[in-house]
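Read through the structure below, which is laid out as structure tokens, and then see the notes.
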Amino acid sequence: MYLIYSALLAAAMVLAIPFWLWQMLRHGKYRSGFGERWGRVPQRILRDARPAIWVHAVSVGEVLAVVGLVEKWQTQFPNDRIVVSTTTDTGQKLARSKFGEQNVFYFPLDFAFAIRPYLKALNPRLVILAETEFWPNFLRLSYKSAARIAVVNARISDRSFPGYRRFKSLLQRVLEHVDLFLTQTEEDKRRLVHVGALEERVCVSGNLKFDAPEPKEPLVLAELKTALVLENAGPVLVCGSTVDGEEEMLFPVFKKLFQRNSRAVVLLAPRHPERFASVAAWLEQQHIRFSRRSQISGEGIAGSVLLLDTIGELSALYALADVAFVGGSLVPGGGHNILEPARYGSAIVVGEHTENFRDIVELFRQQNAVRVTNPSDLEKDLLGLMEDESERLKLGERGNEVLQTQTGATDRTLSALAELLR
């Protein structure tokens, strides 16, 4: 099975070479960490010879989810060495800022020749995978290396579940290598068992993202707070993690908002860095007054859009939001994390496509702590909240209350992992 899988993976990568080259040339993607992905262990990782605890977090969301877990582990077990791998460039940058460059590297491709050098160099006692990373060769070789393997914050999305069920007989053999699954919800546990995980190895520990520590305040946050006060600007609408097609849907909102309130502010944060330039060009074409975060500190922001064309600042900048629209949800993108604005008591609005955060959104919806909208009602819902201070304050307060009632997953996860090692 593994030979066939490796051959198919190799064939798929060969077919994808033109796409990779185009992404490298046009957007600069995949250039960073190219050698590391192919099995070249960076020297910065080799300086510490202690057996490691290897945490893999794909991108920004997963990195943020495991920050609290890693910090508590290091506090409780200060002599342990923890290294973190990521797949995406944005996740890599964030992980290096959180855990130190000497402890962070790019996750190798799922080929034996790329994985073995890392297993030899790190000699992991424990491999921790965040959410759902079922790489067959990696799990098999990690298991053969005698490392214990755990999947934390595990989830099976609505989109992934049918595919996993279709290949249950194959997936079951892969999941046998995992010693412990710690799921976000009972539904995730049920789905994991249904697709082949051994029931006695699956436990519900809760969602680590509810415990994510408050992000470090970037310098620009204080600058923007000062600018808002000095310019008597506001209210502030933060549109975070928007994806292709959503800015066009939001345009009527921006236009009417500035017509009705010349002091209002919009902070627009596209999800993917390669879209920063195209979104800036689109704002210019629409004759929307805007500035780029990378070029100014925030002066003159009243009655304009501030384009957040930097990485890692959005989570903290939700603190400015009177209303927060969380993107990737008006189009079939699966949605993004609503807990970041909930931390600050912002009134939260999302679209209907929130499959990646279905349980969180449903929990908030049941408590009337989030407004779920659609393209037809988007303008009415956003403008209504921007103009009704009482309603947006109540919505934001309910969201923060829901967040506070769901904490504790980090402690439960740490306890289970420590027991697994014992």
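The values are calculated or read from the model by the stated rules, or taken from the named source; none is laboratory data. Everything numeric in this text was worked out from a predicted model, so none of it was measured. Don't worry about glycine lacking a Cβ; one is built from the backbone with ideal geometry, like all the others, and counts go over all protein chains shown. Heads up: the accessible areas ignore ligands, DNA and RNA and are worked out on the full protein's heavy atoms, side chains in. Shrake-Rupley method; radii C 1.70, N 1.55, O 1.52, S 1.80 Å.
Taking the condition under 30 Å from T410 (Cα atoms), open to solvent by 20 Å² or more (accessible area, probe 1.4 Å) and within 21 Å of the chain's Cα centre (by Cα), does V70 pass? It would help to see each step written out before you state the result.
On the way: under 30 Å from T410 (Cα atoms): yes; open to solvent by 20 Å² or more (accessible area, probe 1.4 Å): no; within 21 Å of the chain's Cα centre (by Cα): yes.
Considered against the rule, which asks whether it is under 30 Å from T410 (Cα atoms), open to solvent by 20 Å² or more (accessible area, probe 1.4 Å) and within 21 Å of the chain's Cα centre (by Cα), V70 comes out as no.
Just one of the numbered conditions (1) in a strand (DSSP E or B); (2) in contact with a Gly (Cβ under 7 Å, 6 or more places away or on another chain) is not true of R263; which one?
Among (1) in a strand (DSSP E or B); (2) in contact with a Gly (Cβ under 7 Å, 6 or more places away or on another chain), R263 violates only (1).
Being small (G, A, S) and open to solvent by 10 Å² or more (accessible area, probe 1.4 Å) is the filter here; which residues of region 102-140 pass it? Talk me through it step by step, then tell me what you get.
Within region 102-140, the first condition is being small (G, A, S), and the residues that meet it are 112, 114, 121, 130.
Of everything in region 102-140, those that are small (G, A, S) and open to solvent by 10 Å² or more (accessible area, probe 1.4 Å) turn out to be A112, A121.
Considering only residues that are surrounded by 20 or more Cβ atoms within 10 Å (Cβ to Cβ) and among the polar types (S, T, N, Q), look in region 195-235 and name the one that is farthest from I338 (Cα to Cα).
Applying the filter and picking the extreme gives S205.
Among the residues of region 412-422, how many are open to solvent by less than 90 Å² (accessible area, probe 1.4 Å) and modelled with pLDDT of 95 or more? Give the steps one after another, and end with the answer.
Just the residues of region 412-422 that are open to solvent by less than 90 Å² (accessible area, probe 1.4 Å), to begin with: 413-418, 420-421.
Subsequent filtering for residues that are modelled with pLDDT of 95 or more retains 413-418, 420.
So the answer is 7.
Looking at S291 and the list (1) over 25 Å from N400 (Cβ atoms); (2) touching a residue at least 60 places away in the same chain (Cβ under 8 Å); (3) in a strand (DSSP E or B), which single condition is not satisfied?
Every listed condition holds for S291 apart from (2).
Restricting the search to region 342-353, which residues are out of contact with any helix residue (DSSP H, G or I) (no Cβ under 6 Å at 6 or more places or on another chain) and either part of a loop (DSSP other than H, G, I, E, B) or open to solvent by 50 Å² or more (accessible area, probe 1.4 Å) (or both)?
Passing the criteria: R343, G351, E352, H353.
Any residue in region 1-24 that is part of a helix (DSSP H, G or I) sitting within a Cβ distance under 6 Å of a residue that is modelled with pLDDT of 80 or more and open to solvent by less than 50 Å² (accessible area, probe 1.4 Å)? List the pairs, counting only those 6 or more apart or interchain.
As it stands, the answer is Y5/P136, since those pairs meet every condition given.
Across region 401-421, what is the total count of residues that are in a helix (DSSP H, G or I) and either among the aromatic types (F, W, Y) or in contact (Cβ under 8 Å) with a residue 60 or more places away in the chain (or both)? Before you say what the answer is, go through the steps one by one.
The first filter runs over region 401-421 and keeps only residues in a helix (DSSP H, G or I), leaving 401-405, 409-421.
Narrowing the set further to residues that are either among the aromatic types (F, W, Y) or in contact (Cβ under 8 Å) with a residue 60 or more places away in the chain (or both) leaves 402-403, 409-414, 416-418, 420-421.
Of the residues in that region, 13 qualify.
I'd like the full set of residues that are of a type in the set (A, V, I, L, M, F, W, C), assigned to a helix (DSSP H, G or I) and open to solvent by less than 70 Å² (accessible area, probe 1.4 Å), limited to region 354-398.
Residues of region 354-398 that are of a type in the set (A, V, I, L, M, F, W, C), as a first pass: 357, 360-361, 363-364, 369-370, 372, 378, 382-383, 385-386, 393, 395.
Those left that are additionally assigned to a helix (DSSP H, G or I): 357, 360-361, 363-364, 378, 382-383, 385-386, 393, 395.
F357, I360, V361, L363, F364, L378, L382, L383, L385, M386, L395, listed by residue number.
I want to confirm something. Restricting to region 254-282 and keeping residues that are surrounded by fewer than 21 Cβ atoms within 10 Å (Cβ to Cβ) and touching a helix residue (DSSP H, G or I) at 6+ places or on another chain (Cβ under 8 Å), which single residue is farthest from G384 (Cα to Cα)?
First pass over region 254-282, keeping only residues surrounded by fewer than 21 Cβ atoms within 10 Å (Cβ to Cβ): 255-256, 258-263, 271-278, 280-282.
Imposing the further condition that a residue be touching a helix residue (DSSP H, G or I) at 6+ places or on another chain (Cβ under 8 Å) reduces the set to 256, 260-261, 273-274, 282.
Working: K256: 11, R260: 12, N261: 13, P273: 30, E274: 32, W282: 25 Å.
Only one residue fits best here, namely E274.
Of all residues in region 266-279, count the ones that are in a helix (DSSP H, G or I) and either touching a His at 6+ places or on another chain (Cβ under 6 Å) or more than 22 Å from D89 (Cα to Cα) (or both).
Restricting attention to region 266-279, the residues satisfying the condition of being in a helix (DSSP H, G or I) are 273-279.
Applying the additional criterion that residues be either touching a His at 6+ places or on another chain (Cβ under 6 Å) or more than 22 Å from D89 (Cα to Cα) (or both) yields 274.
Residues that pass the stated criteria total 1.
Among the numbered criteria (1) over 19 Å from E199 (Cα atoms); (2) assigned to a helix (DSSP H, G or I); (3) at pLDDT below 95; (4) in contact with a Phe, Trp or Tyr (Cβ under 9 Å, 6 or more places away or on another chain), which single criterion is violated by F138?
(3)
Considering I45, I53, I82, which residue is in contact (Cβ under 8 Å) with a residue 12 or more places away in the chain, under 28 Å from D211 (Cβ atoms), assigned to a helix (DSSP H, G or I) and open to solvent by less than 20 Å² (accessible area, probe 1.4 Å)? Can you show your working first?
Working: I53 fails: assigned to a helix (DSSP H, G or I); I82 fails: assigned to a helix (DSSP H, G or I).
Just one listed residue meets the conditions, I45.
Give me a count of the residues in region 242-253 that are open to solvent by less than 60 Å² (accessible area, probe 1.4 Å) and either among the charged types (D, E, K, R) or over 18 Å from N374 (Cβ atoms) (or both).
Going residue by residue through region 242-253, those that are open to solvent by less than 60 Å² (accessible area, probe 1.4 Å) are 242-243, 245-247, 250-253.
Still in the running and either among the charged types (D, E, K, R) or over 18 Å from N374 (Cβ atoms) (or both): 246-247.
Total satisfying the criteria: 2.
Only residues that are β-branched (V, I, T) and more than 22 Å from A95 (Cβ to Cβ): list them for region 280-318, please.
Step one: list which residues in region 280-318 are β-branched (V, I, T), which gives 288, 296, 301, 305, 310-311.
Of everything in region 280-318, those that are β-branched (V, I, T) and more than 22 Å from A95 (Cβ to Cβ) turn out to be I288, I296, I301, V305.
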